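None of the figures in this text is laboratory data; all of them are computed from the coordinates on show. Small disclaimer: the values here were computed from a predicted structure and weren't measured. So basically every Cβ, Gly included, is an ideal-geometry build from the backbone, and we count neighbours across all protein chains shown.
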Amino acid sequence: MTITESAVSTAGVSLQGLTKSFGPVRAVDGIDLVVAPGETVALLGPNGAGKSTTIDMMLGLNKPDSGDVRVFGMTPDQAVQRGAIGAMLQTGELIRDLTVRELLAMMASLYPTPARVDDVVDVTGLHDIVDRRTNKLSGGQSQRVRAAIALISNPDLLVLDEPTVAMDVEGRHLFWNSVRQIAASGKTIVFATHYLEEADTYADRIVLMARGRIVADGPATEIKATVGLRTIRATLPGVDAAVLSALDGVKSADRRGDAVVLHCSDSDAAIRALLPAYPAACDIEIAGAGLEQAFLMLTGDHSPEELS
């Protein structure tokens, strides 16, 4: 079986009513989530949002206090035994003194229908280090090898928890090119990241978590649109930001040299007010909220009732 073949296409990942507490801390507070086969889903949220705990329950590393987990119709333990799940977690080290090829071959021997080592090396771009010993790898190279280990079982579900933390910019670029190839083969991918641009660029769908609950779920464009904020940028020297803040449709204004940035609740009303009052304004740009703004607003200090 090659890395490009996906054996399961009729089911997906289902989390229903998941809760998990550690002493007085409710880490996961009623998660309902369905991931369709072939989807690439990003889990986003601040530290302590419950992302890693949710992933641990998806993998069978932690049992929920209540609720149910199914991975392609199986329990997590059944899916792991079958080789249907591959995971790259935040913790763990490579076995020392083996070459990368030897390590991948050893891991492949543990599964019933593994991918070919050469196929995994191809898709993860490890040709330049495949004969190097694991204790001679940089942090970023080790991360790429850990991703290859997650793929060696030829899983239907690939789970990545903060996969690019130790990588430089070039390493992250190579890694996500590999993930794109894997996704194109029909694999289901769930990843947690604190790099918002990774979620924005590579996920079909973003699940935003805060305080153990899902506060937004949808494509990045949809999540950005829920914030409802737009900004107007213009070159307009000599006008006080406080005066611009009083314009119709403007919530606040910042000055940045000769440029101003208007944060708008109604950008149409704001631009209609701005141009007649200040016809010298030029280089005008109107933009929607970015994912960072949506992240900060939706995961801010609100009560659960406000976020539901």
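A few notes on this one:
- For Ala192, distant residues with modelled amide H under 5 Å away: Leu43, Leu160, Asp161, Glu162
- Relative contact order (percent, whole number), region 180-281, Cα cutoff 8 Å, 6+ residue spacing: 18
- Rounded Å value of the spacing that divides the Cα centres of region 200-266 and region 69-125: 42
- The H on the amide N of Ser252, modeled in the peptide plane, is under 5 Å from the matching H of His263, each at least 5 residues off or on a different chain.
- Helix 267-277 vs. the chain, principal-axis angle (Cα, 0 to 90°, nearest 10): 30
- 32 Å Cα-Cα threshold exceeded, pairs from Lys63/Lys187; Lys51/Lys224; Lys20/Lys187; Lys136/Lys224: Lys136/Lys224
- The Cα trace of the chain gives Rg and Dmax of 23.2, 73 Å, the first to one decimal, the second as a whole number.
- In percent, rounded to a whole number, the relative contact order of the chain is 20, using alpha-carbon pairs under 8 Å and six or more apart.
- Evaluating 6.51 cos²θ - 1.76 cosθ + 1.60 at θ = phi - 60° for every residue in region 130-136, the Karplus couplings come out as 5, 9, 8, 6, 4, 7, 10 Hz, glycine and proline recorded as x.
- Local charge for Ala192 was computed over the other residues whose Cβ lies under 13 Å away, with Lys and Arg +1 and Asp and Glu -1, and equals -3.
- Region 32-150 - percent relative contact order, Cα under 8 Å, separation 6 or more: 22
- Annotation: amide H-H contacts under 5 Å for Thr40 (H modelled 1.01 Å from N, sequence separation of 5 or more, or interchain): Ile189, Asp204, Arg205.
- For Ala108, neighbours were defined as the other residues whose beta-carbon sits under 14 Å from its Cβ, and their charges (Lys and Arg +1, Asp and Glu -1) total -1.
- Counted by neighbouring Cβ atoms within 10 Å, the residues Thr164, Thr299 run from fewest to most as Thr299, Thr164.
- Counting Lys and Arg as +1 and Asp and Glu as -1 over every other residue whose Cβ lies under 10 Å from the Cβ of Ala289, the net charge comes to +1.
- Taken one residue at a time, the phi angles of region 110-118 give Karplus couplings (6.51, -1.76, 1.60, θ = phi - 60°) of 7, 10, x, 9, x, 6, 6, 4, 5 Hz. Gly and Pro are set to x.
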